[in-house]
Amino acid sequence: MDGKSIYSKSESIAMTSNPLLSIVIPLFNEVDSLPHLKKAIDTVLEREKIDTEILFVNDGSTDGSDKTIDRFASEDSRVKITHFRRNRGKAAALDTAFRLAKGKYVITMDADLQDEPEEIPKFIEKLEEGYDLVSGWKKKRHDPLSKTIPSKLYNTVARIISGVKLHDFNCGFKIYRREVLDTIQIYGELHRFIPILVDAQGWRVGELEVKHNPRRWGKTKYGISRFLKGFLDMLSVTYITRFQSSPMYLFGTIGFIVLLAGSIVLAYLSVGWFMGVSISGRPLFFLGILMIIVGLQFFSLGLLGEMISHMRNAIRPRDDEDV
Ligand code: UDP
Ligand code: MG
């Protein structure tokens, strides 16, 4: 079939060893949706004639998904598979695939067909407008309210704290230029913060509205507990991206404000004391002392942080400079 191709012929010839696109699919117990997903991907690739490899990462499935993707690999030479012996989480699955991907562009999508493979060409076009990462935005989301409401709140906080102007940080559908992936490491639950980590490295991050389908097969792997963990992780990521090289700016500022407030309180009480007012039983007295101690502790934390940061910079090789 001679469909319209979204990249030029010369590029197709030049990319014979390395494909234009790597499609990365992390999966955990998705046996029922996999055949539908593969078919939908094949249809798009066939029509658009995109030179592609498809990387399935089986994150310790126990429902027979492993056999299904083994079959894909035996039938289709573009398919590459990795099996984890146990469930290690979506972030670990993505990170493994990022190390293996050879495409000029790398697209990630969920295995449950909540993302539409039909949108792959739009992602490539948007990336080629001059972005390094384009993140999907599930504007009309087909998930239960228990998921969509906390998710809205979470995205608003992430936008304010990180300064990255995205509506949907945790969309599984994203496309990257491959070199971007060499600059980030995803572990734990960090897949939710990829745009923040990527933005912190100075790459251009864009957004593309995507269709979102209800889950038709299998069950979601994430309950409500992800939101508490998500908020805690957000604090860690913000701290690491903003203050890793200058922890004293954070802890020193807090320490300074608390110390100053404590000093003002104690100075005020001292004036009273000189004028003969008893201060020993006053709550303000204890508050003043507490603030001085807490302020000094924050300063000490800042100094320790600076020491660790200094040691990290002193021992790392010269060519590992942040750029
Ligand atoms: N997933 C995974 N490992 C896990 C949890 C999930 O590889 O430990 C995969 C899952 O199979 C799916 C994607 O990550 O392809 C997104 O998961 P899910 O659809 O459950 O998340 P939701 O859409 O409910 O946010
Ligand atoms: Mg899903």
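The values are calculated or read from the model by the stated rules, or taken from the named source; none is laboratory data. Owing to the predicted nature of the structure, the values given are computational and were not obtained by experimental measurement. Using ideal geometry, Cβ is built from the backbone for each residue, glycine included, and neighbour counts are taken over all protein chains shown. We work out accessible area using only protein heavy atoms, side chains counted, and drop any ligands, DNA or RNA first. Shrake-Rupley method; radii C 1.70, N 1.55, O 1.52, S 1.80 Å.
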Of the candidates M248, M275, M311, M291, the one satisfying the condition of being more than 30 Å from D143 (Cα to Cα) and in contact with an Asp or Glu (Cβ under 6 Å, 6 or more places away or on another chain) is M248
Per the list (1) more than 16 Å from ligand 1 (Cβ to nearest atom); (2) open to solvent by less than 60 Å² (accessible area, probe 1.4 Å), residue check on F193 breaks on (1)
The one condition G64 fails out of (1) within 17 Å of K174 (Cβ to Cβ); (2) away from ligand 2 (no atom under 16 Å from the Cβ); (3) of a type in the set (G, A, S) is (1)
Of G188, G230, G202, the only residue that is surrounded by fewer than 17 Cβ atoms within 10 Å (Cβ to Cβ) and modelled with pLDDT under 90 is G188
Discussion item. Residues that are within 22 Å of the chain's Cα centre (by Cα), on the phi < 0 side of the Ramachandran plot and surrounded by fewer than 17 Cβ atoms within 10 Å (Cβ to Cβ): does region 245-253 have at least one?
Written reply: yes
Scanning region 96-126 for residues that are buried (at least 21 other Cβ atoms within 10 Å of the Cβ), within 19 Å of the chain's Cα centre (by Cα) and more than 24 Å from T156 (Cβ to Cβ) gives A97, F98, A101, Y105, V106, I107, M109, A111, F123
From the option list G130, G136, single residue qualifying as at pLDDT 95 or above and either part of a strand (DSSP E or B) or among the polar types (S, T, N, Q) (or both) is G136
How many residues of region 138-160 are open to solvent by less than 50 Å² (accessible area, probe 1.4 Å) and not hydroxyl-bearing (S, T, Y)? The answer is 7
Would you check if V258 is more than 16 Å from ligand 1 (Cβ to nearest atom), farther than 30 Å from R192 by Cβ and either among the charged types (D, E, K, R) or free of Cβ contacts under 8 Å to residues at least 40 places away in the same chain (or both)? no
